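The values are calculated or read from the model by the stated rules, or taken from the named source; none is laboratory data. The model shown is predicted, which means the values in this text are computed figures rather than measured ones. Cβ coordinates were reconstructed from backbone atoms using ideal geometry, including for glycine residues, and neighbour counts include every protein chain displayed. The protein model used for the area step is the full one, side chains on, heavy atoms only, and it has no ligands, DNA or RNA in it. Shrake-Rupley method; radii C 1.70, N 1.55, O 1.52, S 1.80 Å.
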Amino acid sequence: MTEDKDFDTARYFCAGICLRQNPVTGADEVLVIEYIKGEQKPQIKLPGGNSLPGEDKRDTFFREFEKETSCRIKSATEIHCHELRKPGRPPHDQVFYLVQCVDLAELRQVWQQDGPDEQLSPPYWMGIGDALREQGGLFPSHRQAFEAAIKHLTHWIDNKGQMTVRTKPF
């Protein structure tokens with residue numbers, strides 16, 4: 001998640017929106033991760049993270065998404081970006097990608113350390129309605145990006161569980 005120290009040094013925060021149709025229920029779902037910092041209440045986020053010095057947004061996205069999920073990316077389309085500004089600090093863009101993975105069966109299965117006092121759960125699938133809830137859903141800026149992405153999608157899952165995307169005009 002974006003902390004003040006990260007905001008000072010990271011040019012980008014990049015995360016992925018990976019969708020599927022539940023093979024049992026047929027419900028549409030999004031891939032999420034539970035983020036815990038110290039003793040704070042857990043938050044739900046989209047897989048992704050901050051850029052390293054000199055790293056562009058696409059490289060940041062691929063590195064962070066693959067690190068947090070263990071999935072290789074087949075395709076990624078930038079679908080939402082918003083700039084965060086704080087007085088006296090450089091710009092910090094939050095960039096979100098619509099993602100198709102090579103094999104979703106390879107999801108990371110263990111908790112992961114993500115900083116001195118930060119933990120990430122294994123990635124898991126959450127129903128779209130649950131992800132969009134204000135209480136218990138996605139972290140607010142991730143929910144806003146997810147809502148914006150959904151507005152531009154007309155179809156994302158075919159009958160074999162493969163993502164096909166058609167976007168509405170922006």
Q) Using a 1.4 Å probe, how large is the accessible area of THR77, given in Å² and rounded to the nearest 10? A) 80 Å²
Q) Seen from all sides and averaged, what is the projected area of the convex hull of the Cα atoms in the stretch 1-140, in nm²? A) 8.8 nm²
Q: Tell me the label-point distance for the pair ALA105, LEU84, using the 7 Å Cα-to-Cβ offset, in nm and rounded to one decimal.
A: 3.8 nm
Q) Rolling a 1.4 angstrom probe over the protein heavy atoms, how many square angstrom per residue are accessible across the stretch 33-136? A) 53 Å²
Q.
I'd like the Karplus ³J(HN,Hα) series for the stretch 120-128: coefficients 6.51, -1.76, 1.60, θ = phi - 60°, whole numbers in Hz, and an x wherever there's a Gly or Pro.
A. 10, 6, x, x, 8, 8, 10, x, 4
Q | Cleavage-rule hits (chymotrypsin sites (Phe, Trp or Tyr not before Pro)) in the stretch 48-141: DSSP loop, at most 11 neighbouring Cβ within 10 angstrom | A | none
